[in-house]
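Undergrad: Please see the structure below; I have some questions.
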Amino acid sequence: MLANYESLLRSVRGDPGDRRMFEPFGILGANDESKRKGLVQWGYSFIEEECYWLVDTSQEPSTWPVVARVDPLEPFQRFDMTASEFVYRVLTEAEFSTFSVAATIETPYYRTF
């Protein structure tokens with residue numbers, strides 16, 4: 001997660017065009033205006049869905065909402081819930097936004113690595 005965050009920082013600091021991909025929030029720490037507020041990515045899927053915390057360093061981390069999008073070119077959607085609740089609802093609620101996989105996977109299965 002840290003390596004991905006550092007990679008995003010380098011990208012948005014090096015190319016102003018990349019910053020536009022994270023509007024209206026920006027990546028946490030990418031510039032002087034975003035030292036206290038911005039996005040930190042905590043998850044992504046194989047089909048390019050992206051999940052972030054909308055960080056506000058003046059607030060408790062447990063209050064940071066989830067911001068996600070289905071595709072890097074799509075607008076962000078905000079979910080006022082913890083990351084664990086977001087993941088739970090994605091896995092269990094078929095009607096939970098465009099991120100849900102509950103309707104497509106009848107019985108969850110797990111593989112060990």
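Undergrad: Name the residue, out of Glu23, Glu49, that is in contact (Cβ under 8 Å) with a residue 40 or more places away in the chain, closer than 22 Å to Leu2 by Cα and among the acidic types (Asp, Glu).
TA: Values: Glu23 fails: in contact (Cβ under 8 Å) with a residue 40 or more places away in the chain.
Among Glu23, Glu49, only Glu49 is in contact (Cβ under 8 Å) with a residue 40 or more places away in the chain, closer than 22 Å to Leu2 by Cα and among the acidic types (Asp, Glu).
Undergrad: Please find, within segment 1-12, the residue that is surrounded by the fewest Cβ atoms within 10 Å (Cβ to Cβ) out of those that are farther than 19 Å from Trp64 by Cβ and out of contact with any Gly (no Cβ under 9 Å at 6 or more places or on another chain). Working first, answer last.
TA: From segment 1-12, those farther than 19 Å from Trp64 by Cβ are 3, 6-7, 10-12; that's our starting set.
Filter once more, so that each one left must be out of contact with any Gly (no Cβ under 9 Å at 6 or more places or on another chain): 3, 6-7, 10-11.
On the way: Ala3: 7, Glu6: 11, Ser7: 11, Arg10: 12, Ser11: 16.
Restricting to residues being farther than 19 Å from Trp64 by Cβ and out of contact with any Gly (no Cβ under 9 Å at 6 or more places or on another chain), the top hit is Ala3.
Undergrad: Still on this model: If I ask for residues that are among the small types (Gly, Ala, Ser) and buried (at least 16 other Cβ atoms within 10 Å of the Cβ), which ones from segment 18-52 would you list? Before the answer, list the steps.
TA: From segment 18-52, those among the small types (Gly, Ala, Ser) are 26, 29-30, 34, 38, 43, 45; that's our starting set.
Hits for segment 18-52 are Gly26, Gly29, Ala30, Ser34, Gly38, Gly43.
Undergrad: For segment 86-111, give me the residue count where each residue is of a type in the set (Ser, Thr, Tyr) and modelled with pLDDT of 85 or more. Write out each step before concluding.
TA: Residues of segment 86-111 of a type in the set (Ser, Thr, Tyr): 88, 92, 97-98, 100, 104, 107, 109-110.
Now drop any that are not modelled with pLDDT of 85 or more, which leaves 88, 92.
Selection size over segment 86-111: 2.
For (1) hydroxyl-bearing (Ser, Thr, Tyr); (2) closer than 25 Å to Val101 by Cβ; (3) at pLDDT below 90; (4) touching a His at 6+ places or on another chain (Cβ under 9 Å), each residue gets a yes or a no:
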site	(1), (2), (3), (4)
Asn4	no, yes, yes, no
Gly14	no, no, yes, no
Ala30	no, no, yes, no
Val40	no, yes, no, no
Gly43	no, yes, yes, no
Phe46	no, yes, yes, no
Glu50	no, yes, no, no
Pro65	no, yes, no, no
Ala68	no, yes, no, no
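Undergrad: Pairs only if they're at least six apart or on different chains, beta carbon under 7 angstrom, first in segment 53-73 and surrounded by fewer than 12 Cβ atoms within 10 Å (Cβ to Cβ), second in a helix (DSSP H, G or I) and not hydrophobic (A, V, I, L, M, F, W, C); list them, first residue then second.
TA: Taking only residues 6 or more apart or on different chains, not a single pair turns up.
Undergrad: Another question, if that's okay. With respect to Tyr88, is the statement that it is surrounded by fewer than 17 Cβ atoms within 10 Å (Cβ to Cβ) and of a type in the set (Phe, Trp, Tyr) true?
TA: Working: surrounded by fewer than 17 Cβ atoms within 10 Å (Cβ to Cβ): yes; of a type in the set (Phe, Trp, Tyr): yes.
Considered against the rule, which asks whether it is surrounded by fewer than 17 Cβ atoms within 10 Å (Cβ to Cβ) and of a type in the set (Phe, Trp, Tyr), Tyr88 comes out as yes.
The values are calculated or read from the model by the stated rules, or taken from the named source; none is laboratory data. These numbers come from a predicted model, not from an experiment. Glycine gets a Cβ as well: all are built from the backbone with ideal geometry, and neighbour counts include every protein chain shown.
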